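Engineer: Quick one: the structure is below, questions incoming.
What follows is calculated from the coordinates using simple rules that are stated; it is not laboratory data. Computed from a prediction, not measured in an experiment: that's the story for all the values here. In this analysis, Cβ positions are derived from the backbone assuming ideal geometry, glycine residues included, and neighbour counts consider all displayed protein chains.
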Amino acid sequence: MQSIKSDLETLESTRIDGGIRVGADTGKPHTWYSELFDRDDIEIGLWGCTPGGWQIDDRPDTEVVHVLRGRARITDHDGGSYEVGAGDIFVMPAGWSGRWDILDDLKKLYVIINDGGGK
């Protein structure tokens with residue numbers, strides 16, 4: 001198997017329209033994505049979204065996020081929240097429940113690990 005190389009400009013030029021985020025309950029968050037790598041157990045790529053928000057219940061996988069542009073507020077199921085912006089890195093483990101609110105157009109690099117988690 002060979003290594004895979006790309007750059008942000010190339011990834012953005014091959015992005016796929018994801019439409020309005022399923023489950024959005026505020027705004028009309030429009031999404032897009034571009035996959036760099038996809039295998040049964042791991043997915044890596046870019047994802048973008050316009051302002052809006054949605055709830056996530058019992059996340060089935062683990063996601064590592066590096067925010068490249070924009071801002072979002074992440075609220076955990078217990079009500080604790082934090083804001084993320086360009087340069088921030090965070091992990092949403094399998095089983096996580098909470099809320100995403102995109103405050104400014106967001107672009108992130110993501111790694112999703114399909115670890116069969118969840119509760």
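Engineer: When we measure straight from the Cα of residue 28, which aspartates and glutamates land under 19 angstrom away, once same-chain ones fewer than 8 places off are left out?
Structural biologist: 17, 101, 104, 105
Engineer: Once amide H atoms are built 1.01 Å from N in the peptide plane, which residues 5 or more positions from residue 61, or in another chain, come under 5 Å H to H?
Structural biologist: Close amide H contacts, sequence-distant or interchain: 95.
Engineer: Could I ask something else about it? For 28, 107, 5, what's the fewest-to-most ordering of other Cβ within 10 Å of each Cβ?
Structural biologist: Values: 28 11, 107 18, 5 7.
Going from sparsest to densest Cβ surroundings: 5, 28, 107.
Engineer: For residue 52, enumerate residues with amide H under 5 Å from its amide H, sequence gap 5+ or separate chain, H modeled in the peptide plane.
Structural biologist: HN-HN under 5 Å from residue 52: 102.
Engineer: Would you mind computing, in nm to one decimal, how far apart the modelled labels at residue 16 and residue 86 are, each placed 7 Å from Cα along Cα→Cβ?
Structural biologist: 2.8
Engineer: Then there's this: Using R₀ = 41 Å, calculate the FRET efficiency as 1/(1 + (r/R₀)^6) where r is the Cβ-Cβ separation of residue 97 and residue 2; round to 0.05. List each step's numbers first, then the result.
Structural biologist: Details: r = 38 Å, r/R0 = 0.93.
So, using R0 = 41 Å, E works out to roughly 0.60.
Engineer: Please arrange 83, 9, 35 by counting, for each residue, the other beta carbons lying within 10 Å of its beta carbon, fewest first. The partial results should precede the final answer.
Structural biologist: Details: 83 11, 9 7, 35 15.
By the 10 Å Cβ count, ascending: 9, 83, 35.
Engineer: What are the ³J(HN,Hα) values, in whole Hz, obtained from phi via the Karplus relation 6.51 cos²θ - 1.76 cosθ + 1.60 with θ = phi - 60°, for each residue of the stretch 44-53 in sequence order, with x given for Gly and Pro?
Structural biologist: Values per residue, Gly and Pro as x: 10, x, 9, 9, x, 7, 8, x, x, x Hz.
Engineer: Another question about this same structure. Restricting things to Cα coordinates, could you compute the convex hull volume per residue of the stretch 1-61 in Å³?
Structural biologist: Working: hull volume 5.9 nm³, N = 61.
For the stretch 1-61, the hull spanned by Cα atoms encloses 96 Å³ per residue.
Engineer: Looking only at the stretch 1-94, where both bridge partners belong to it, what percent of the DSSP beta bridges are antiparallel (to the nearest 5)?
Structural biologist: Values: 24 of 24 bridges.
Bridges in the stretch 1-94 are about 100 percent antiparallel.
Engineer: Right, next: Stick to Cα atoms and the Kirkwood definition of Rh, then tell me Rg/Rh for the stretch 8-113. Can you show the working numbers first?
Structural biologist: Numbers: Rg = 13.1 Å, Rh = 13.9 Å.
Computed over Cα atoms, the ratio is 0.94.
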